[in-house]
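A.B. asks: Have a look at this one.
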Amino acid sequence: MDNKGFREYRDQREQTISAMSSGELLLLLYDELVKRLMRAELALNKEDYDLFEADVTRSLEIVRYLDDTLDRQYPVGRDLARLYDFFSYELNRVKAGRNRTELERVTAQTLGRSFTIDDSLIQYSSGLLRRQDLVDKETYEEELSQEVGMVTAAYCLYVDGERIGATPYKGALEQLLEQIQLSATNEGTISVSFAENVEVKEEFVATDSLMNLGFLAETLYSTKTAEVTYTVAKGDTWSEIAEDHGLTSNELLALNPGYDINKLQIGEILTMSASVPYLTMTVVQQERYVDSVAFDVEYTDSADLYKGDYKVTSPGQFGAADTVANVTYVNGTEIERTVLSSVTLRQPVTEHRLQGTKDRPTWLPTGSFRWPTTGRITSRFGGRSSPGGIGSTNHKGIDIAAPRGTPVYASDGGTVTYAGWMGGYGYLVRINHGNGYETYYGHNSSLTVSVGQHVYKGQQIARVGSTGNSTGNHCHFEVRINGVARNPLNYLS
Ligand SMILES: [Zn+2]
């Protein structure tokens, strides 16, 4: 509408309205308002209410205009304002009642039982407010619920769908989570994240379930008890399984009643109780450090060493490298390390070793006998006079004098059939060489083999001594065939 059109319209309206008295005008507007109020009350959604409010505001403007221009004697605007006030009050009372019903429903749902707000607790009164002091439905419900005191709108922390705690303070949980992550970081931290699905949700909770923030922090830093299982593996024992899980045998039995702890079956699943952290934090850090560099080993064949034996002739030395790596930690335990760069600071030094090529001796008898030790023969095989009244008059072996401690070797490969004290022999070793052959080594100061042991030809079995019926350090050596002593000198080579 252009200016000319508007002026014509206004003039026409003014003529119509000027023909009406102020009272008629008021009635007309009143009718309008009632119709709109009823429509708004029926629907009561935000759009209808806004429409209603806008209508009233527009009507008031018209009346003010009329007031100013047409009928200065009749302050029609003030009457209309009172009407508006009344309607607004009615409208808001209905809305407040509906909000109360909604709050009762939420409270009942949160507490898990029926709940109504006592009528004596609620009063409706009207009054003029500044527009910016008006609150929306959510805030109104929240404030009303605080007053009622049974449930509270709170910020709840969920870890993998489990509610850990709730606080009324906005932003506090986010800050707490940030602090926890921050405590695990330093200037080299690339990323930090929780493995769990961590959420903060705003919802109604029973007021007495609100938590002190310090307690909530403590909970998150602590561990929780969770049931874990253990599958019995080969070689496991009850007490070892218990110990590995920080339990006593009895505690483990209490978790697994009815088990026969002496008859564990491989594959059996046991219940364990374990502490697991509430939150699993993954931190990726960039680290710079001096890493040691492994040295190479070079082998040289040696006929002086048995196959499988080695001898270091010049030891290797680790090198050093300036290294930068991305390291991933899960709850402080390193699980991955990716080296980004490595600059050698010091070259490693190769180690040199001799590697044996000589065939390893076998305990199988060779069929020939070597001297058990080196020394002078002080007594031969066969009949002799008893020296000093002790010792046999029929000598079953030969005596080889040698200083105490001199090694005594197996004369041929075989199996040790006796190793210990035996009467006049003192400390004795007997070796079975098969085919009825046996050798004896007597008067030793100590033994280096035990019964059942396989020994190869030339292996040390004892040390020379003077135990048993003996007048000095020597090795008494016998060769027996099917239990009968023979002259060793006929067999030694
Ligand atoms: Zn002897």
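The values are calculated or read from the model by the stated rules, or taken from the named source; none is laboratory data. None of these values were measured; they are calculated from a predicted model. Please note: Cβ atoms are built from the backbone with ideal geometry, for glycine as well, and neighbour counts cover all protein chains shown.
A.B. asks: Could you list, in sequence order, the residues of the range 239-279 that are in contact with a helix residue (DSSP H, G or I) (Cβ under 6 Å, 6 or more places away or on another chain) and assigned to a helix (DSSP H, G or I)?
C.D. replies: Those that are in contact with a helix residue (DSSP H, G or I) (Cβ under 6 Å, 6 or more places away or on another chain) and assigned to a helix (DSSP H, G or I): Ser239, Ala242, Ser249, Leu252.
Here's the yes/no breakdown for (1) closer than 26 Å to Ser493 by Cα; (2) within 42 Å of the chain's Cα centre (by Cα); (3) not in a strand (DSSP E or B):
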position: Thr282; (1), (2), (3): no, yes, no
position: Gln285; (1), (2), (3): no, yes, no
position: Thr313; (1), (2), (3): no, no, no
position: Tyr329; (1), (2), (3): no, yes, no
position: Arg337; (1), (2), (3): no, yes, no
position: Gln355; (1), (2), (3): no, no, no
position: Thr374; (1), (2), (3): yes, no, yes
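A.B. asks: Can Thr378 be described as part of a strand (DSSP E or B), more than 60 Å from the chain's Cα centre (by Cα) and within 16 Å of the ligand (Cβ to nearest atom)?
C.D. replies: Here the answer is yes, as Thr378 does meet what is asked.
A.B. asks: Here is a further query. Test Pro372 against the criterion of being at pLDDT 95 or above and within 14 Å of the ligand (Cβ to nearest atom), and give yes or no. I'd like the intermediate steps shown before the answer.
C.D. replies: Details: at pLDDT 95 or above: yes; within 14 Å of the ligand (Cβ to nearest atom): yes.
Considered against the rule, which asks whether it is at pLDDT 95 or above and within 14 Å of the ligand (Cβ to nearest atom), Pro372 comes out as yes.
A.B. asks: Would you check which residues across the range 160-185 are assigned to a helix (DSSP H, G or I) and either without any contact (Cβ under 8 Å) to a residue 60 or more places away in the chain or of a type in the set (Asp, Glu) (or both) and list them?
C.D. replies: Across the range 160-185, the qualifying residues are Ala172, Leu173, Glu174, Gln175, Leu176, Leu177, Glu178, Gln179, Leu182.
A.B. asks: Is there a residue in the range 405-418 that is within 12 Å of the ligand (Cβ to nearest atom) and closer than 22 Å to Thr378 by Cβ?
C.D. replies: First, pick out the residues of the range 405-418 that are within 12 Å of the ligand (Cβ to nearest atom): none.
No, there is no match, as no residue in the range 405-418 is within 12 Å of the ligand (Cβ to nearest atom) and closer than 22 Å to Thr378 by Cβ.
A.B. asks: May I ask you to list the residues in the range 441-452 that are within 54 Å of the chain's Cα centre (by Cα) and either within 16 Å of the ligand (Cβ to nearest atom) or surrounded by fewer than 17 Cβ atoms within 10 Å (Cβ to Cβ) (or both)?
C.D. replies: Residues satisfying the conditions are Thr448, Ser450, Val451, Gly452.
A.B. asks: Moving to a separate point now. With (1) part of a strand (DSSP E or B); (2) surrounded by 15 or more Cβ atoms within 10 Å (Cβ to Cβ) as the list, and Val228 as the residue in question, which single condition is left unmet?
C.D. replies: (2)
A.B. asks: Could I ask something else about it? Check off (1) surrounded by 15 or more Cβ atoms within 10 Å (Cβ to Cβ); (2) of a type outside the set (A, V, I, L, M); (3) in contact (Cβ under 8 Å) with a residue 40 or more places away in the chain; (4) touching a Lys or Arg at 6+ places or on another chain (Cβ under 8 Å) for Thr313 and give me the number that stays unchecked.
C.D. replies: Among (1) surrounded by 15 or more Cβ atoms within 10 Å (Cβ to Cβ); (2) of a type outside the set (A, V, I, L, M); (3) in contact (Cβ under 8 Å) with a residue 40 or more places away in the chain; (4) touching a Lys or Arg at 6+ places or on another chain (Cβ under 8 Å), the lone unmet condition for Thr313 is (1).
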